[in-house]
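The values are calculated or read from the model by the stated rules, or taken from the named source; none is laboratory data. Since the model is a prediction, treat every value here as computed from it, not as a measurement. Cβ placement follows ideal geometry from the backbone for every residue including glycine, while neighbour counts extend to all protein chains displayed. Side chains are part of the model used for accessible areas, which takes the heavy atoms of the whole protein and leaves out ligands, DNA and RNA. Shrake-Rupley method; radii C 1.70, N 1.55, O 1.52, S 1.80 Å.
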Amino acid sequence: MGGCPGWGSIPSMILVLAAWQRPYLNIFKHFRVEEWKRSAKEGDVTALTDTRMKGTIYRIRGSNPASSYLQLPRAGTQSLGLTGRYLYLLFRPLPHKHFLVHLDVATEENQVVRISFSNLFREFKSTATWLQFPFVCGAASEGMAQRGVPGAAPADVRWTCLVLDLPSILALYLSRRHSHLRGVKLCCNLLVKNLCTSDLLFEPGVTFTRARLGDLSCRGVAPMPRELAFPVPKGEKWHDLYDYIRFPSDGAKLLHYSIQKNFPHPVAGDQVLEEPSCPLTQPVTLSRAVCDLSLIQQTSSPKAGLVPDPILKLRTIIGFGGCSTKWALWTQDSTAVVYPCHAVIVTLLLKTGEQRFFLGHTDKVAALALGGSGTVLASAQAGPRSLGRLWDFPTGACLCLFKTYLQSLLCLRLVSCGRDNIRLWRVRSGALRSCPVSLGEYHSLEFTDLAFEAGPAPEPEDRALFVCSRSGHVLEVDYKNICVRSARRLLPAQPQGDGQEQAGSSSGPGIAINSISMSLTFCATGSEDGYMRLWLLDFSAAVLEAEHEASVSSVCISPDSHKVLSTTAAGALGYLDVQARDYSTLMRSHEGSVLGFSVEGKWKQIATVSQDSTIRVWDLASRQQLYDFSAAEETPCTVAFHPFWKMLACGFDSGVVRTFSLAASDLLLEHKQHRTAVSGLTFSPDGNFMFSSCLQGTLALYKLAARKIQVLRVVGNVVARDAGSGVDTLVVSGDSRLLAFVGPSKYVVTVMEACSLDELLRVDVSILDLHSTILDSAVKVCFGPVPQGELLVSTSSNKILVLDAKTGRLVREVSPVHKLSCSSLALSKDGQYLLTAGDKVIKVWDYRMRFNVNFQVFIGHSEPVHKVAFTPNQEHVISVGDAIFLWDFLAPPPVKSSPARACSPASTLVLRSDSSSEMPKDVSETPRQTVPLPLLSSPPCLDISSVHPAGFQSISSESDREEEADLPDSSWKVANEHKDASVIVVESEGNEEPVVRPKVRQESSRSPEKPANGFFAYSCGCVIVVEDLHSGSQNHWLGHAEEISTLTLSHHAQVLASASGQKDGDSHCQICIWSTQDGACTAELFHHETQVQAMAFSCDDRFLVTIGDYNDQAMALWSTHTYELMLSTRVSEPLHDVAFSPFAHQDLACVGRGAVTFWVLEQQGAAVKFKQLLSGSNTKRIRLWSVATVQELRLKGPNARSGSVLLEHEITLDGTIVSAAFDDSLEMGIVGTTAGTLWYINWVESTSIRLISGHKNKVTEVCFSPDESHCATCGEDGSVRIWALGSTELVLQFQVLNQSCQCLAWKPRPVGVWPFPGESEHVVAGYSDGTVRVFSVSRTEMELKMHPHAAALTAVTYSTDGEMILSGGKDGIVAVSSPRTGMTIHVLADHKGSPITVLQCTRKQYHDLGVEGGELWLATSSDRRVSVWASDWLQDKCELLDWLSFPAPAGPEGLDSLPPSLAAFCPWEHGVLVYVGFGLQKEALFYSLRKKQVFRKISLPAFATSLSLSPAAPFMALGSSDRLLRLQPCPAGAPQDYRGHDDTVQLCRFAPSGRRLLTASHSAVLVWELT
C-alpha cells in the first residue's frame, strides 16, 4: 500500500461513526421507511394516517408472521449498526390478535443474538443465540397492570412505549457485551408509530419544562422528543392514556419470565424514576434441577431452532479473483497469502494449506490492502453499494464499515497511475488534492502498476517510485520533486550465453507489463505474454522467469524476498521459490460461473462444468485441479460421475453425450441421441442406468453393463422445453427405481419407472394452490428418503411442495423459501435436513419443520448459487456459483438405517378377511357389502408396432434376428392400454389347462390355484401357505431363506415351483421345486443372479421357463424330467411375465413395457388359435380381451388388422396386479396386488371378493382382546384392524387418513365383574399427529379423540382398571388422560427428549414396596432409562418409586441401528421387572424393586428387538434382527429358536392366557399356538 497512516487507530473511528446517532436516532425517519428502498415489507403492510396519533402509522396484519412483516434493513446480510443503549418501540397490538417482534443484536464477541417477544409465546426460552420473551398485553380497563399471562391482545389494548435496555438484557441473560443493533423485524399483527435508539432514558410523562425544573438531566433522564411522543390532550395524563414498559426494570438483578406493564409511573418530580416496591414480573425461581444460568440455557425448549448454530462452517473455497485477478498479498511473516475469491477474502497458509475466511462483503471484492504492521486488513467491494471494511487480521473480526461513495472502487493507494498520467495525492486542510507528474515524451503511455523502492527510508518522499506500462516502459519517478528521473524499456531480447535476457531502449515491441514489485535485491514484473520475470535492480538483465498459461495479472515479492507471488488472468494463483527455483500452484479456478458439479463416490474428487466452456476435475482435499476437459467448438452443459466406476459423463450443447475414463484419461464412448444442448445428465445410484435429456424435450435411457453403455430407449417430448437448462434436471430416487423431472411443460412434474421410462405419475403443480392468483410452475425436483416416498418440487412462487411420489398427493408446503426462485435443493440421506439455494445464499432446513425457526442462512457467494448438495457421507456440503465452496456439515452424524428386509422359513397363520363382495378403495381397507361391477366403457382397440428383438440362442422369434435400426419391422408386438403390463393369462379354444404367471413384487401376494381339485397356494414372506378351499385348513412349506418373488403351478397340479432371492453365501437366486402331494422339496435350481421375475410350465409340463428381473434380464429353459438347464440367453429389454401357449408347448408369449411378444422354441407349421387374453398392470386394472385375431397378428405382424381385438371386461382393484390364476375358460380366478391382497374374480357375475388381506406398510403394534377371541393390529398406513382369531378373518377396520398409527391397546376387563356383551370392547390408538383415539369395537365407531401430545405417540396403554389412558410421545412426554372426560390429568416430563418405547401397568398390593396405591406402572425410553411409578388414580396420586439407567458402550459397533430399550413387569415374580436393550452385553436383566439391584442375567445370542413375558409359565419371548423368535425358559433352561419371519421381529405379544403368541415382522403378522 502506498501509505495509509492512521489506520491503526480503529477505536476512534468507531466513536466517530457512532456520534451521528446522538442524542437519539429516529429510525423510521433516517432510513426513510416510506420509500421501501432501505427497508423491506412482505404481506399486508400499509401506511395509514391516524388522527389520534397525529401522523403516519404502519399497520402490519396477516395470519402468518413469516409472510407479513416490516424489516429493517432491507437485506438480512446488512446491518443497521445502531449503538444506542435503549431501543424505543411505539406500537399497539391489534385486538384479539397475536404479534411477533425480532431484534438481531450483535455482541462484542461478533456473535448475533436474536431477541424475540410475542404474546404468542407461553414461556421464556433461551439458547446461546436466541432469547424468547412472552409479552403480556395490558388492557385499558385494568386500571393497574395485573399479573397476566400471554395471549391474544384484549379488545381495549392501548398504545405502548416499550423501552428495551439491550446491554442489560445481553448481560443478564447471556453474559454477553452489547455492540450494536443489526436488524429489526416487526411481524403481524400490530400498529407501529416509530422506532428510536438512544443512550438517554426518555420519560414519556415528563414535559421539557418540568424536566428543567426537576433537574432530571443529572439523573440521565430526558423528556421524550416531540417527533416520537404520543399526543396527550389538555387536561389528560400520559399514563392514563398509554402504557409504558421498561425491560428489564432499573436495578433488576433477577431473570424475568415475561415482558409486561409495571405500575403507572408517578408524575414528574423527585419520584419520577422510583420503581414499585416489588417487581410485577415473576422472577425465575431455580429448582434443584436448574441451579445456574448455564443450566437454564441447556434446559430451554428444543423448539428454538436448528442445532448446532451455525450448522455449516466454511472449510474450503476453490477459486480465485473478484472484480479482477490482480489482488494477492503476502502476510508480514511471508507464511501466508491473502487474496479475494469474489465476495470472500481468503488467507491461505503455505505450509498446511489451511484456509481462513473473512466473510461480510455482499459483492465482489475490488481492492485489498494490508497495513504495515500486518494487523489491519482493508477491503472494498464493487458495485452500486460500494462498501469498505476494516478487519482485525489476526482474529478475522470486522472492525467497521465505511461508505466509499464510488460506483466502483479500484484502488486504496495514495499514488495513482492510469492512462496518460501519474498522480500523487495528499490530504490538506480536510481536502484531498492531487498533483500530476510531468511525463514529457512519455505522456501518451498507459501505465498499469507502480511500486516504491524497497529500503530503510522512513518516508515515501525519500524513496524512488517505479511505474510500469503496457508498452514495456518502466519509469523511475522522484516522489519529492514530482518528476521522472529515468526511463527504461524492457524488450524480449534473445538469450545470452548465460541464459539471461537483456533490457534495452531499442525500437520494437516491448514487453507489456501488467504488474511490478520491488525488493532490496531484485525486481519482479508480470507481463501480458504470460511470463513472470525477475530483474536486476537496474533492469540490465532478467535473471529468472516463470511461464504461465495466461497473462500475468500481478506479482508481489514476499517481505523476506524469498518468494514471488503471481496471479494470472485465467484465475491461477501461485508463487516462485527464488532460492529453489521451483514454482508452486496454490489455486486454479474457472474463468466463468460454475454451472454444476458431480461428486465422485467417496467425495475425494469433484467434477465441475462452467461457462468458460471447460469441465474440470478437482481433488477436494488439496484443492488442486486434476483434469481439464474441453471440446473444440462445443460448450459443455452438464456433467455426472458414475457412482462406482472411474468414469465421467459430459453433455454438450451439440447434443452429444461423451463418457471419459479418468483412469486412462481417454474418451470411452460418444452418444448422439440428442440434436440440441444436453440439459440433464445423471446416473442411477446403483450405477446400472444413465439418463440424458435435451432442450427439445427428448429423454434417453442407457444401460450400463461390463463398463459398456447401451441405449435402451429414447422418448421424445417428455422433458419441459420452456423450463430452460440447468443442473438437477433429472433426478433418480435413492433406490434407483424412479426418475422424476419437470415436463412435458413447466407446469407438470412427471415420475417414470427408471428401468423402462414407463410413465407412472403426472402432477400439475399449477392447480395445487386453488387460492393462488398466479400460475405456478415447477423449477427443480428432488426425491425424499426412499421409505417415505416423497418428491420435493420447488416452484416459481418461492414454494417447496412435498408430494407423495406414488399418488401425487400434496403432503405439505413450505413457503416462502427464498425471496427469488429456489435454484437448487437437496435432501440429506437420513431425511433430516434440506438444502436450498437462492438469492446468493444457502439455507439449511429442518426437513420435518419441528422448530419455530426451521432454517439457517449462510452467505459467501456473490453470484446466484447454481447447485448445492450433500457429499455422499453427509459430512460436508458443496455449493457452486461464482466459485466452489466446501462446507463442514456440523449436525450430528446420521443414524444408520435398519438392515434391508429379508425372509426366513417358519410356521405362520395368515389373517384372512370374510368372503363378502366389495369394491376396493385406496384410502380404506374397510370391507364393503356391495358387489363391484366391471368398467364397461367403450372397448379400446389394440394396435401394432415394432419392438427390439430378443431370443434364445436356439429359440427364435417369429421374425428374423436383424437389428431394429436396420429392419424396423423385424419384430412385432401387441400393445394395449396398460402403461406397464405385469400379468398375462392366455386361454385356448380347446380344453387345455390354464397358464398363470405372477409378477415379482416383494410386497405383493402370489397365488397359484387349481380350481378342479381345490389346490390353492400363496406366499407370505419366505413361507408358502397351502390352503384347502373347502375346509380352510392350512399347511406351511419351509425351504426359502429369503422372500418369495414368484410361484407357478404345473398343469397337472403335481408340481409347484417357487423362487426367492439369494441365500446367505449364494451368488444366485433359489428356485425350489415342490411336490404338491406331500409338500416335499424335490429339487433346487440356481441360475439367475438377482431376482426371478416370472416362471411358467409348458402345456405338456415338459419345460419350465424362468425370467430374471430388469437387472438380470436372463431367460432360462429347464427340463422338468431332470431339472437341468437346457438353454439360457439375455434379452434386450426387461420382461414382466411369460406364458406358454395352451395349445402347443413350442409357443410362448412375454409381456413388458406395454407390449406382448410371441416366441417359438423351434420352427413348426402348427397353427395356434387363441380365444381370450387376460392382462393386469400397474394401473390397478385387470382386463379381459377378445383376441380371436391373434393368429392373423402372428402371421402378418404390423400389417394385420387390429380392429377386432377388443376389451371385453375390466375391474379396478386396490393395487398393481402382480399375480393371477384362472380356470380354463378364464371365467373365475385369483388375483394378487401390491396392497398384499388376494381377490377372487368372477367375470360372469362381475364380482371381486377379497380373500386375503393385510397391512400395506409396517405393523407398529399388536394386542389380544381380554377374552382372546380377537386381536387388533395397527400400522403405518393409519389403520386399526380387528381380526377374529378363530377364522383369521378381518371383521373391522378403522382408518385415519394421512396419519400413521403408532401404538394401540385393548381395554382390560374390570376385575371381579362378570363379562357381558359390549363390555371392555374398546381399543385405544395413538397417532403420529399427537392424537389419541378411542374406538368402540361393539358399536364400530370412534367414541373419543384427545390431543395430549405435541409430538407423535410411540406408546399407549390402559390402567389396570381401564379408567385411565397412559400415553407416551416421541419427545419423551408421558400423559395420563381420562377416557370418560377426555381431559389430560397428569403430564410427566422425566423422560423428556427421548422417545417412550414401553408403557405397562400392573396391579399390586396396597402396601407393597412401601408406597401407597393399587397400581404399578413403568415407562421406558430409548435412552435406556426406566421409571417405575406407584399410582392411585382416584386419589390423584402418582409417585416415583424407582429410576433405572442402564449403561452402554460409546458406539454401536457392528450395528446398523440401535436396538430398542424394552422393559416389562415379571408376571411370575412380583416386584421384579425384566429389561433388554443396547448395553455392554447381549443379555436380559432381572431387576428387583425391593432389593434395588439386578439379581439375574440371561445371555442372549443377539440384542432383542421385541420382548413379551408369558403370564402362564416362567418363560419369555424375544425377537431379534436375525429374524428369529426365541422362547427362553426362566430362570434357566434350553431356549428354543423359531424361524418364519422375513424381517426383524419387531413385535411379540402373549395372550392373557399364555396359550397364544402374536409376532410381527414388517407388514406380516403371525399367530403361534403354544402347546
Give me the number: length gained by fully extending S416 to E446, i.e. 0.36 nm times residue separation minus the C-alpha to C-alpha distance, one decimal in nm.
9.6 nm
Share of Cα-Cα pairs in the range 641-727 beyond 22 Å, whole percent, is 21
Taking H placed 1.01 Å from N in the peptide plane, check which residues at least 5 places from L1127 or on another chain put their amide H under 5 Å from its amide H.
L1117
For N1035 and E1289, what does the FRET efficiency come to when R0 = 22 Å and r is the distance between their Cβ atoms, rounded to the nearest 0.05?
0.70
Taking 7 Å along the Cα-to-C-beta vector as the label spot, tell me the D888-A1351 distance in nanometres, rounded to one decimal.
2.8
For the range 739-750, take each phi angle, set θ = phi - 60°, evaluate the Karplus expression 6.51 cos²θ - 1.76 cosθ + 1.60, and give the result in whole Hz per residue in order, putting x for glycine and proline.
10, 10, 6, 8, x, x, 10, 6, 8, 10, 10, 10
In terms of the ratio Rg/(2.2 N^0.38 Å) built on C-alpha atoms, what value belongs to the range 647-696?
1.13
Would you mind pulling out the separation of the Cα centroids of the range 1247-1293 and the range 324-358, in Å?
67
Residues whose placed amide H lies under 5 Å from that of E446, excluding near-sequence neighbours:
D420, R470, S471
Using only the heavy atoms of the protein chains and a 1.4 Å probe, how would R1339, R61, R226 rank by accessible area, largest first?
R226, R1339, R61
Sorting K37, K780 by accessible area (1.4 Å probe), largest first, what list results?
K37, K780
Listed peptides 228-235, 632-639, 1105-1112 by packing density, highest first (mean Cβ within 10 Å):
1105-1112, 632-639, 228-235
Relative to the present Cα-Cα distance, how much length would full extension add between T49 and E354 at 0.36 nm per residue of separation?
104.0 nm
Give the separation of the Cα centroids, the range 697-717 to the range 1488-1545, in Å.
52
In Å², nearest 10: area of D104 left accessible to a 1.4 Å probe
40
Model label zone, D1423; criterion: amide N under 19 Å from point 7 Å along Cα-to-beta-carbon; scope the range 1381-1414
1387-1399
Within 12 Å, Cβ to Cβ, of G151, how many net charges do the neighbouring residues add up to if Lys/Arg are +1 and Asp/Glu are -1?
+2
Protein chains only, probe 1.4 Å: how do F629, F135 rank by accessible area, largest first?
F629, F135
Determine the per residue accessible area of the range 1013-1138 with all protein chains present and a 1.4 angstrom probe, expressed in square angstrom.
34
Exceeding the 18 Å Cα-Cα cut-off - candidates K843/K1392; K746/K799; K185/K840
K843/K1392; K185/K840
Could you pull the accessible area for R737 with a 1.4 Å probe, rounded to 10 Å²?
110
Give the calculated FRET efficiency between E1268 and N1242 to the nearest 0.05, with a Förster radius of 41 Å applied to their Cβ-Cβ distance.
0.70
Considering only the other residues whose Cβ falls under 13 Å of the Cβ of D1537, what net charge follows from Lys and Arg at +1 and Asp and Glu at -1?
+2
Treat each spin label as a single point 7 Å out from the Cα along the C-beta direction, and report the V1387 to S373 distance in nm.
5.7
If ligands, DNA and RNA are left out, what is the accessible area of I482 with a 1.4 Å probe, given in Å² to the nearest 10?
50
Plugging the Cβ-Cβ distance of Q111 and S1445 into 1/(1 + (r/R0)^6) at R0 = 56 Å yields, to the nearest 0.05, a FRET efficiency of 0.95
What's the percent breakdown of Cα-Cα distances in the range 1493-1571 across 5 Å bins, shortest bin first?
3, 16, 29, 25, 17, 7, 2, 0
Quick check: pseudo-label points 7 Å beyond the Cα along Cα→Cβ at R61 and R581, how many nm apart are they?
8.3
